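First up is the structure itself, then whatever we jot down about it.
The values are calculated or read from the model by the stated rules, or taken from the named source; none is laboratory data. Worth saying up front: this structure is predicted, and the values here are computed from it rather than measured. In this analysis, Cβ positions are derived from the backbone assuming ideal geometry, glycine residues included, and neighbour counts consider all displayed protein chains.
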Amino acid sequence: MKKFVVLAVSSAVLGAGVVAGVALADPDLTLTTTAHRHYINGREVGPRYCDNADLRGAFTQFHTNIHSHAGVTGEIGPVAPGLHGASQNTISSGPC
């Protein structure tokens with residue numbers, strides 16, 4: 001019985017996390033820019049859409065939430081206010 005309770009609670013927590021993750025994503029985004037790479041402090045970050053076209057959705061979400069709203073339509077909310085507000089962070093992009 002104890003194992004069942006632990007399994008049930010774990011399943012509920014994981015299920016809530018999945019639902020929250022989907023609910024927090026920007027709905028109905030349209031990518032209007034070309035594929036490119038993202039960098040924070042000179043290190044490549046984010047989905048590698050240049051290398052895998054199947055990552056378009058992830059790239060679009062990342063682009064609108066971290067890098068910039070430019071090149072995406074349908075976004076909601078500000079662009080990573082904590083990331084952009086830190087003086088030690090350099091956010092840039094480059095070609096594939």
Legend entry - Matching option when the condition is small (G, A, S), assigned to a loop (DSSP other than H, G, I, E, B), over 15 Å from the mean Cα position of the chain (by Cα) and modelled with pLDDT under 90, among S92, S87: S87
Legend entry - Residue count, segment 23-60 (criterion: farther than 15 Å from S93 by Cβ, modelled with pLDDT of 85 or more and in a helix (DSSP H, G or I)): 6
